[in-house]
Structure formats: structure tokens, C-alpha cells
Amino acid sequence: MNQLYDFKIIEKKWQKEWLENRIFEVDEDEGKDKFYCLEMFPYPSGKIHMGHVRNYAIGDVIARYKRMKGYKVLHPMGWDAFGLPAENAAIKHGVHPAKWTYDNIEYMKKQLIRLGLSYDWRREVTTCSPDYYRWNQWIFLKLYEKGLAYRKASFVNWCPSCATVLANEQVIDGLCWRCESQVEQKELEQWFLKITAYAEELLRSCDKLNGWPEKVLTMQRNWIGKSEGVEVDFPIVGMNESLRIFTTRPDTIFGVTFMCISAEHPLSEKLCEDKESLRRIRQLQREPDIKEGIFTGKYAINPLNEERIPIWIANFVLMEYGTGAIMSVPAHDQRDFEFALKYKIPLKVVIKPQDKELVEPLQEAYEGDGVMVNSGEFSGLSSTEGKRAVADFIEKKGIGRKTVNYRLRDWGISRQRYWGTPIPIIYCDKCGIVPVPEKDLPVLLPENVNLTGKGESPLKYVDEFYNTKCPTCQSPARRETDTMDTFVDSSWYFIRYCSLNKEEAFHREKIKYWMPVDQYIGGIEHAVLHLLYARFFTKVLRDLNIVSFDEPFERLLTQGMVCMESYKCPDHEWLFPKEVEEGKCIYCGKAVHIGRVEKMSKSKKNIIDPDEMIESYGTDTVRVFTLFAAPPEKDLEWSSQGVEGAHRFLKRVYALVYKNHKWLRDTALISPHEPIQEVQTSSILNLIHRTIKRVTLDIEKEYQFNTAIARLMEFVNEIYSYEPKTETERKAFKFAIRNFLILLSPFAPHIAEELWRAIGEEGYILNEPWPSYDEELAREHTVELVVQINGKVRSKIMIPQGMTDEQIKNIALDDEKIKSWLDGKEIIKVITVKGKLINIVVKE
RNA sequence: GCGAGAGUGGCGGAACGGCAGACGCGCUGGACUUAGAAUCCAGUGGGGAGACCCGUGAGGGUUCAAAUCCCUCCUCUCGCACCA
């Protein structure tokens, strides 16, 4: 055994051996319980970043722990390999996207192996390979057959920088999720997947996702945005037409004083003669904070009270939601109130709050519940009763119906870019839209293309791709040239991992054994993107009888961000941490401005390169630090001194074993039946059982790896003080070290493996069962009794474990310090807690 | 504006309603060194000579006992935000 902890040699050695001996490979075993541990696969952008390291370190601890607990653990990894950066790199540097991508994958795979992650690489999935994307196409065809994939012209989100369309989920605050450019509206014909057909189920089964963070579920529920209400037809005066509106507040229908329609509403042209103003309103569409409208000069009739209601066109009414037209109740809706105020439209109060009087003129709309007033026969009903009564009345009269609206829109998947899955559709002049027959899959992405990034699919100009024959009538036809959104790829990859066979993507028995994923780990940025799409696909695949479960991810852990302070030099802009020495810029010596701790990002250069860290300290240190510095779901602040601390800990572990390895090697383990005489033996056994217990509970309880590692540090600190002398003490010591190494191994697998062999153990530590603890031995022999008087600590006394309340009371009252505190005072009450605390309540 | 989460030493962070500050960083002292680095040992919330007192964003409350439960407020972070 080498005296020094040479992590480079150790880590390389074991990584090689683990791979060669294929110890991470796993197959089904019906006799054993399974555990599917999955981390979100990365986009092969070039290099792994610290966020990945954290994500995968967390997953690896869980996978290794569960495996040692006796589960068959599926722990796969792959590449989300289609996407824009590859194409942009190609345009910029002239490398083919495929080469760029596969080169990156090769490099990043090496990095993952260097991290000691326990993946079964036989299952590796690369979404840009035809083996994979042919199944995207196959699923698309199935969706098409079921009417769940359709083509439609509409206004879509267009990112000018990415030169492609984006789905609604991919627009964050009006900006592109990927590049943060301002998103525009463009009218295009596009392919959509009917996720709205599953809106209700996606919403309802949120309630069953007990293992998900409430925050993510809230975001999904908000995104789906269900609201129940009624649609009502308001006849238009002098026209043979009605204006259909949607409202969730039928109880306020007697308070309508105007109507508003969207400028994009089909009737807007017909109703509004002032085309100039109409165009102006269209320009102001979705402009926040501005309310603009024009009166059309036309009126509608409120079908409940026959009142004449002016019809307006307003910029704040959305065509995509409801019917694109609303009834406006300014007294009870703040938006309508502001609009009415601006255009001096009268208000009519029809809801009276229970607990206060509304003082007119109103200062703001009253949107709460109350009692209906000025509402004809409905007056006197509560809002809740009124909603139902008015809705029933409307249905009975045949002027409308109860409806449910969702904010969720269908998923637009067409992308005007090259590096994605071709949509398997052919356009024929005679037959129209013709799906590519299943037997002709995959529709291969041609390799020779001229990439421009100008907003049109380059496939259009690849003749041998574009020109084809109609599968139905054999006449010349054209292929669809848009490719699929890459979120399609990641919507089912977790199912693909289950089947090893290259030809068969959906091996039903294997899927049945492994799925659903027991623990999914990734960033919260996918709360409504990937996670919603994956849930949707799972339900679709279930309805296609490919899978038999409703939800893909049993438990979800959203890990926090990796953060760091940033540095900015007055002359040299943002600086990398290594460009700063003692608070000064290494180029000009000027003091740098230290920015707040925030997510590591290339633009602010507040990044730490995992490769450099591994080079200097080793993988085990990096893993231990990232797991120790914060609980997994919280943000982690990178600290170079913290890394040193983690490294110091591992060096201490190494030195501890080195110091004793010669005799440890030849010593047997203490048997559970061996009589314990020496105090030290009993202390060592108590220490290790205590440690096993606490580490196990910390991992089981919400994956508290930070405290688990703290326990391991405590173990090391304490065992340093023991000098085993007798044979029994040595056997106990060996037992302790051996089990400690198992406990350490999920966090720092390489050093654990190395030391495992150094103390004479055989086989791979990953194949060892997780140690169990003896409750009796884990208990402390003596307890520090805390004695309080009126809730304040007044004394601490060491007592044997297991005293009765009465004994404790006597000991406490007999204590000299306590006696002096109690002198001359009357004891009212004595409370003892679990044999370790006593509170004596006295009259002051 | 609405919703969720958070606020604890110099710092990262611990604490089933029961000893606030585990563990780590940093700092202080000591040992080993010619010296340093590394390592090891000890100490380290604030005040006070001391007995003790004060301390978990602020203020109230419940309780024998509150960082933890309840109410009001402040600050920060993250979602949502013309969805009728």
C-alpha cells in the first residue's frame, strides 16, 4: 500500500477495472426488487459542467446505495444529441453537426467515466442516431393515426435568432428559452401534437405524484390552467349573428355593461368599420399595462335581461383563449374596470360583499364572492349558488352551455432546422398528406446539406430527399422538410433504456420490469417543458398498449443550482476565478468588483471547470464536496476552500487505514456473539453501529447526503482517538473500518474500493450488502442529562442510559447546583423527556 | 398584485416542540520542523473578571419548554401574472 493518497493512480485503476469487469451492467431478475434511478441526460455541448457533476453525483449515490441495499438497479445514461448548437457550430466552423456531436459525446463520455459513475453503458442512447429517431417517427405515425398529430396554419412563436418556431412552453416571459431573444408571432402551417386531449388527465394525475416537489406540480397545474365556466351567446342587434363569450362568473352576468372582442376575432372586420383603428389595436395586442379599445358602433343583447350592450374591440382580449370574446363586468373585474374608467363606460354593481358595503363610485373592482343584487329573479343568491343557477338557466334556455377551458395549447413540433428528426410525411398533389409507411422507416436525415440558418429547412434543397414518390399512388411527391422539436426525443428516452436490443425499442416485458422510473433527478428548469411532455408521451404510449403505467416518474428530485460569486475588472470585464489573485485582476492589478453569488454561467465567467478540479483533487473529492456543501435540492455555493476540506477528509481516511493496514489485513472481524469485555471494544462497536444508523437514516430520509457525510467525518474524528491493543479490540476496529468503507463508498467510490482491498477484503465493494445496525449497540451507554429549571439549562449530569423518570428526578434534585437553585422555592411541576432532559417548574 | 420557499456565528450549513450552532471552512494557540508547507492536538456565537446574562429577520401569542406551532410586519429568492 502506498503511503500517500495518490488519487490519480487509484481512480484510474478502479475506473478501468470496473469497466473491464462490467460490474455496472444489470439485467432483469424477477426474483429481486428493481430500482430505476435516472438522471436527466445531457445535451452534448462539448464539456460537462458543474451542474452535471452535481446532478450525476447525486444520482450515483442513490444508485450505488440502492444496489447495496439489494435492489436490481437500472442506472443508464445517454445523449440528447439533436439540437441547434450543433447546427450553429457547423455554420460557424464548417464542421458537420454529426461530427461535432459525436466528438463531443466521445469526450463527455470519458468525463463521465472519470467521475466514477455507475452506468450500464450497454444501454447508452444517442437520440441523433437513426436507431433512435426512427422510433420518434414511428410514434409520430401512431399519433397521426389516432388523430393526435395534425397540421394547421396559425400564428406561432418565432425566434429570429434560432430561426425556428418554438412551442408555447419554450417561450419564457416573451423570450426564447434557449437564447433569450424576443419571440415574434408568425403565421405558418405547422405540425401539432394534441397534448390538450390529455389536459384533464395530466392535471388530475398531478394529485397522484406524491414523490414530486409541490412546486413543480403547482407549475404544471398553472400551466394547464383549467377553468370552469359557461359559454353564452349574445345576439348582435341588426345582424343575424351572435357573439359567443366565455365566462367563469355567470353570477355577474346582470352587471355586463359592455362586450369586448379580440382584434383577431373573425367578427372584428365585420363589426368594425374603422379599419385604421382596428390595425392599431392589433399592433397593441398583448402589450402589458396598456388598455386600448374602440367602440364598433354595434350592440348586443344581454340574453338574461334584454339590455343593449355596446360591443368594443380591445387589445387585452386574447383570441387563443376561450372564444376570443368576453362580457365585461367592470364592477367585478379589475381589467374591465380599468377599461371602463378610461372610456367612461358606466358600472353596475351586482354582487354585494358579505362583510362590507361597496361605496360608489368604486375605487376598484370587487372581485370576491358575495350575494347577487340587481339580478332579477337571481337576486339574493350567493355567488356560488348563483353561478350554478345562472348556468343551469342558460342551458335550459338553449342560449349557452357549461364548458371547461384550459390554457394549455397543443404542442407545435415543427422546426425549420436541419439537425433533428425528419417528420415522416409526404405531400402528394393527388393524395394530399400521406404518412410514410412504417416499413419505410426510418426516414433518414441526409448528410449532405448546405446549412444556412436562415429560417427555412435546408432539407428543402436536398433534391434526393425532397423529391420522392407518393406511397399510395406512386406519383411524384414531396417530403415534409421540417424536423421535430428535440423535446420529442427526450419524451420517451427513459423507456428506450429498458430494451437493450437495437431493433426493438419497446420490449414490453422489460419495460414492465423496469418502469416506471423510481427516482428521477434533474434541474427545475424543466418543470413544465420536458416533464410535461414526458408525462404526455407516457399516456399516449399507454393508450397504444406499449406501456401499462400512467406516469413515468415515481419520485422527482430537483437539485439546486451550482453558484459562485463573479468577478469584474474595471478594464477587463468579467474574469474567470483563476484570473483573480488576492482580489486583483492578474492582467492590470486593479481591484476587481465581486458580484453576488449566482448560478455559474459562461457569460459571467463565474465557472469552475470540473476537469481542472478532478485534475487537482480527484473525482472522489469533487463528489464529496458537492454532496457535502448543501442538501441536494438547495443551491450550492462553490468554495475552493470547501473543496480543500473535502480533500483533507479523504486524506485523513487514507492515512487512518494506512497507519493500521498491516495488521488490519491479518485480523478477523469480531463475531456478533463474542463477549465484550474491554471498554474500548464496546466504544468502537457503539461508534460504528451509531454511524451506520445515522448514515442510513440520512440517506433514506430525503437523501440528506450533507449530514450523512458529516456523520462519516465524525466517525473518522472519533476513531482517530482509539488505539486497539487486544485481539478483540483489533477485531472490533477492523469491523468498524470495514463497515465505514462501505458507508463511504457511494460518495467516494474509488478510495473506498482501494482501502477495501488494503484491509484484506475481497471483491468489489459495490457488491457488498449495505451494513445493518444493532439498535442496542447503536445506543449510547451513558446519557448527558440536561436539567432545566423553568425551561433554562442549569446543570448537566452524566447518567447511565435507561433510568426511570423517578430515578432521574432523584438524581436531578440531588445535584449540588440544582439544590442551590431550588433553595427556598416551591416545586410546582416536573417534566421528564425520554430519559435525557428534565424540567423542574418552580414558583418564582 | 397572486402563489410557494427562505431568513440561524465571520462563511457554507445542523438541530422528531426538549442542551441552538452537528459537520466543514476560516480564525487563534500549541506540537513536529532550521524555517515553511503538510500533518496532529486544543480552542472558537456575543457580552462579562466572575457567578451569570443575551442571542435563530422584527413584534406579539400558545406552551413547563419555540429556530421549530399560531398571528402581524419586514427582506430576499423562485414561479405565475391581462387566461375573462
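The values are calculated or read from the model by the stated rules, or taken from the named source; none is laboratory data. Worth saying up front: this structure is predicted, and the values here are computed from it rather than measured. Because the Cβ atoms are built from the backbone with ideal geometry, glycine has one as well, and the counts that use them run over all protein chains shown. For the accessible areas, the whole protein counts, side chains as well, though only heavy atoms, and no ligand, DNA or RNA atoms are used. Shrake-Rupley method; radii C 1.70, N 1.55, O 1.52, S 1.80 Å.
Name the residues whose placed amide hydrogens come within less than 5 Å of the amide hydrogen of A:Ser242, ignoring near sequence neighbours (fewer than 5 apart) on the same chain.
Amide H neighbours of A:Ser242, under 5 Å, 5+ apart: A:Ile236.
Determine ³J(HN,Hα), in whole Hz, for all residues of segment A:124-133 in sequence, where each value follows from phi through the Karplus function 6.51 cos²θ - 1.76 cosθ + 1.60 and θ = phi - 60°; x replaces Gly and Pro.
For segment A:124-133, the Karplus curve yields 3, 10, 10, 5, 8, 7, x, 3, 8, 6 Hz.
From the phi angles alone, apply the Karplus equation (6.51, -1.76, 1.60; θ = phi - 60°) to segment A:737-749 and give each ³J(HN,Hα) in whole Hz, x where the residue is Gly or Pro.
Once rounded to whole Hz, the list reads 4, 4, 5, 4, 4, 5, 5, 6, 4, x, 8, 10, x.
Past the 32 Å Cα-Cα mark, which pairs from A:Lys16/A:Lys599; A:Lys270/A:Lys454; A:Lys16/A:Lys725; A:Lys651/A:Lys731; A:Lys92/A:Lys605; A:Lys66/A:Lys725?
In this structure, A:Lys16/A:Lys599; A:Lys270/A:Lys454; A:Lys16/A:Lys725; A:Lys66/A:Lys725 exceed 32 Å between Cα atoms.
Looking at the square roots a ≥ b ≥ c of the eigenvalues of the Cα gyration tensor of chain A, which shape do they give, rounded for a/c under 1.5, prolate if a/b is larger than b/c, or oblate?
oblate
Can you give the local net charge around A:Ser268? Use residues other than it whose beta-carbon is closer than 12 angstrom to its beta-carbon, Lys and Arg +1, Asp and Glu -1. Could you put the intermediate results ahead of the total?
On the way: positive: A:Lys270, A:Lys275, A:Arg279, A:Arg282, A:Lys298; negative: A:Glu264, A:Glu269, A:Glu273, A:Asp274.
That works out to +1.
Only bridges with both residues in chain A count here: give the DSSP antiparallel percent, nearest 5. Intermediate results must be reported in sequence, preceding the final value.
On the way: 81 of 105 bridges.
Around 75 percent antiparallel, to the nearest 5.
When the Cα centres of segment A:235-274 and segment A:76-149 are compared, how far apart do they sit, in Å?
Segment A:235-274 and segment A:76-149 have Cα centres spaced 50 Å from each other.
From the Cα gyration tensor of segment A:495-637, with a ≥ b ≥ c the square roots of its eigenvalues, which class applies: rounded if a/c is under 1.5, or else prolate if a/b is larger than b/c, or else oblate?
Judged from the Cα gyration tensor, segment A:495-637 comes out prolate (a/c at least 1.5, a/b above b/c).
Order the peptides A:126-137, A:592-603, A:212-223 from the highest to the lowest mean number of other Cβ atoms within 10 Å of their residues.
Those peptides, ordered most packed to least, come out A:126-137, A:212-223, A:592-603.
Please label the shape of segment A:660-778 as rounded, prolate or oblate, based on the square roots a ≥ b ≥ c of the eigenvalues of the alpha-carbon gyration tensor (a/c under 1.5 means rounded; beyond that, a/b larger than b/c means prolate, else oblate). Don't jump to the answer; show the numbers that get you there.
Working: a/c = 1.74, a/b = 1.25, b/c = 1.40.
Here segment A:660-778 falls in the oblate category.
In the neighborhood of A:Ser475, defined by Cβ-to-Cβ distances under 12 Å, what is the net charge if each Lys or Arg adds +1 and each Asp or Glu adds -1?
Result for the neighbourhood of A:Ser475: +2.
Please give the Cα centre distance for segment A:790-833 versus segment A:1-63, rounded to the nearest Å.
When both Cα centres are located, 53 Å separates them.
Note the angle between two axes, namely the Cα long axis of helix A:97-114 and the longest principal axis of the Cα atoms of chain A, as a number of degrees from 0 to 90, rounded to the nearest 10.
Between helix and principal axis, roughly 30 degrees.
Suppose every Lys and Arg Cβ carries +1 and every Asp and Glu Cβ carries -1, with no other charges. What dipole size does segment A:782-842 come out with about its Cα centre, to the nearest 20 debye?
Using Cβ point charges on Lys, Arg, Asp and Glu, segment A:782-842 gives about 240 debye.
Could you sort out which of A:Lys69/A:Lys539; A:Lys110/A:Lys539; A:Lys142/A:Lys430 sit more than 26 Å apart by Cα distance in this structure?
Numbers: A:Lys69/A:Lys539 31 Å; A:Lys110/A:Lys539 35 Å; A:Lys142/A:Lys430 23 Å.
Over 26 Å apart, Cα to Cα: A:Lys69/A:Lys539; A:Lys110/A:Lys539.
Quick check on packing: order A:753-766, A:312-325 by the mean number of other C-beta atoms within 10 Å, highest mean leading.
Result, highest mean first: A:312-325, A:753-766.
Counting only other residues whose beta carbon sits under 15 Å from that of A:Arg204, what net charge do I get with K and R as +1, D and E as -1?
0
How much accessible area does A:Thr558 have with a 1.4 Å probe, in Å² rounded to the nearest 10?
Number for this one is 20 Å².
Mind listing the long-range amide H neighbours of A:Arg555? Cut-off is under 5 Å, sequence gap 5 or more, other chains count too, H placed in the peptide plane at 1.01 Å from N.
Amide H to amide H, under 5 Å and 5 or more residues apart or across chains, A:Arg555 pairs with A:Gln519, A:Tyr520.
Would you calculate a helix-derived [θ] at 222 nm for chain A, using -39,500 (n - 2.57) for each DSSP H run of n ≥ 4 and dividing by the full residue count, to the nearest 500?
-10500 deg cm²/dmol
Cα to Cα, under 17 Å, and not fewer than 8 places away if on the same chain: which lysines meet these conditions relative to A:Lys352?
A:Lys387
By a straight-distance test (C-alpha under 14 Å), which aspartates and glutamates pair with A:Lys396 as possible cross-link partners, with residues fewer than eight away in the same chain excluded?
List returned: A:Glu231, A:Asp233.
Which aspartates and glutamates have a Cα lying under 17 Å from the Cα of A:Lys568, excluding residues fewer than 8 positions away in the same chain?
In chain and number order, the partners are A:Glu579, A:Glu581, A:Glu582, A:Glu598.
For segment A:323-367, what D do you get in µm² per second when you plug the Kirkwood radius from alpha-carbon pairs into Stokes-Einstein at 10 °C and 1.306 mPa s?
Answer, rounded: 144 µm²/s.
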